[in-house]
Amino acid sequence: MHRRACLAALLAALPVAEASRPLRAGLIDVPPWGWANPGQLCGAYAEWLVQFGYQLGEDFQLELRPLARVGAELKSGRLDFALMTEQPFLDAHSLGKVTELDVVVLGDVDRGGSVGVLRGVSLPVALQSAMWERVDLQSVRSQVEMLRMGRLQAAVGVRQSFEATVGGAGARELLATARPVETRSVQLWIGTHLLGTTTAAKMRGALKRMQTLISPTQLLEWPSCRPHTTHPTASQSTK
């Protein structure tokens with residue numbers, strides 16, 4: 001009995017062991033980085049994560065989520081890893097940088113007023129003032145539509161996300177108002193439940209190989225789609 005108690009205490013003190021389930025990768029539901037087609041998950045981040053899986057040599061499940069939910073599920077351990085821009089609130093561990101993205105503001109940045117921002121994304125320092133009222137939105141499309149209807153004075157986001165979303169009449173005029181405000185790095189994040197595990201060490205090595213094989217700008221040229229099954233297995237979920 002004493003030996004069993006000692007063994008239980010020893011196991012409790014060890015880092016969280018690798019789960020028997022496949023790893024779960026979070027894919028943000030923000031074009032051109034991630035989106036769903038029937039039977040497919042698409043986007044530059046989806047393609048990068050599949051290529052990362054080849055380097056890792058592990059089966060994993062790719063799960064499409066709203067951006068804020070990816071951060072929350074990394075924290076809870078529901079997701080194991082994801083590509084995201086750095087955010088002050090993110091409770092996860094970065095294994096390293098993958099690329100950089102320009103954050104821009106659309107609209108009249110001199111007036112002040114309501115500024116639309118994706119839920120889970122921090123406002124740039126330049127807009128953290130009393131003249132701006134933050135409005136949290138679920139999608140880039142909502143940002144663009146509310147800006148066009150005059151319900152927002154400005155919208156903040158990554159340039160490529162606006163370019164992938166804006167269409168129809170007035171698209172050029174709207175994009176012409178874009179002003180760069182800062183650059184944010186896209187990093188490979190893992191949940192803290194993986195710290196100290198062999199999985200985390202393998203991921204670190206796979207990231208280094210990816211950084212050697214794929215240039216930071218190449219990621220931006222990868223808005224492609226993957227079927228539900230790849231090798232290594234990357235089953236896909238949009239729950």
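What are the residues in region 166-224 that are within 25 Å of K75 (Cβ to Cβ), of a type in the set (A, V, I, L, M) and part of a helix (DSSP H, G or I), if any?
Selection gives L194, A200, A201, M203, A206, L207, M210, L219.
Please state which of the following conditions V181 fails to meet, knowing it meets all the rest: (1) open to solvent by 20 Å² or more (accessible area, probe 1.4 Å); (2) over 20 Å from the mean Cα position of the chain (by Cα); (3) not charged (D, E, K, R).
Of (1) open to solvent by 20 Å² or more (accessible area, probe 1.4 Å); (2) over 20 Å from the mean Cα position of the chain (by Cα); (3) not charged (D, E, K, R), only one is false for V181: (2).
Failed condition for M146, given (1) among the aliphatic types (A, V, I, L, M); (2) surrounded by fewer than 20 Cβ atoms within 10 Å (Cβ to Cβ); (3) at pLDDT below 85, with all others met?
(3)
Within the set of pairs 6+ apart or on separate chains, which have a first residue in region 83-107 that is among the small types (G, A, S), a second that is open to solvent by 10 Å² or more (accessible area, probe 1.4 Å) and in a strand (DSSP E or B), and C-beta atoms under 7 Å apart?
Final answer for the pair search is A92/W189; S94/Q187; S94/W189; G96/Q187.
Within region 149-165, which residues are crowded, with 19+ Cβ neighbours inside 10 Å, in a loop (DSSP other than H, G, I, E, B) and aliphatic (A, V, I, L, M)?
L152
Looking only at region 36-75, which residues are in a strand (DSSP E or B) and open to solvent by less than 10 Å² (accessible area, probe 1.4 Å)?
Answer for region 36-75, where residues must be in a strand (DSSP E or B) and open to solvent by less than 10 Å² (accessible area, probe 1.4 Å): L41, C42, F60, L62, E63, R65.
Run down L14, L10, L95 and say which single residue is hydrophobic (A, V, I, L, M, F, W, C), open to solvent by 20 Å² or more (accessible area, probe 1.4 Å) and modelled with pLDDT of 95 or more.
After applying the criteria, what remains is L95.
If R78 satisfies all but one of (1) free of Cβ contacts under 8 Å to residues at least 60 places away in the same chain; (2) open to solvent by 30 Å² or more (accessible area, probe 1.4 Å); (3) in contact with a Ser or Thr (Cβ under 7 Å, 6 or more places away or on another chain); (4) within 25 Å of G43 (Cα to Cα), what's the number of the condition it fails?
Condition not satisfied by R78: (3).
Residue check, S129 against (1) free of Cβ contacts under 8 Å to residues at least 24 places away in the same chain; (2) of a type in the set (S, T, N, Q); (3) not in a loop (DSSP other than H, G, I, E, B), all met but one. Which one?
So the condition that S129 fails would be (3).
Checking the conditions here, which among Q128, Q87 is over 30 Å from T198 (Cβ atoms) and not β-branched (V, I, T)?
After ruling out the rest, the residue left standing is Q128.
Of all residues in region 101-121, count the ones that are open to solvent by less than 30 Å² (accessible area, probe 1.4 Å) and either touching a helix residue (DSSP H, G or I) at 6+ places or on another chain (Cβ under 7 Å) or at pLDDT 90 or above (or both).
14
The values are calculated or read from the model by the stated rules, or taken from the named source; none is laboratory data. These figures come from a predicted structure and were not determined experimentally. Neighbour counts run over all protein chains shown; Cβ positions are idealised from the backbone, glycine included. Areas reflect the complete protein model, heavy atoms only, side chains present, ligands, DNA and RNA absent. Shrake-Rupley method; radii C 1.70, N 1.55, O 1.52, S 1.80 Å.
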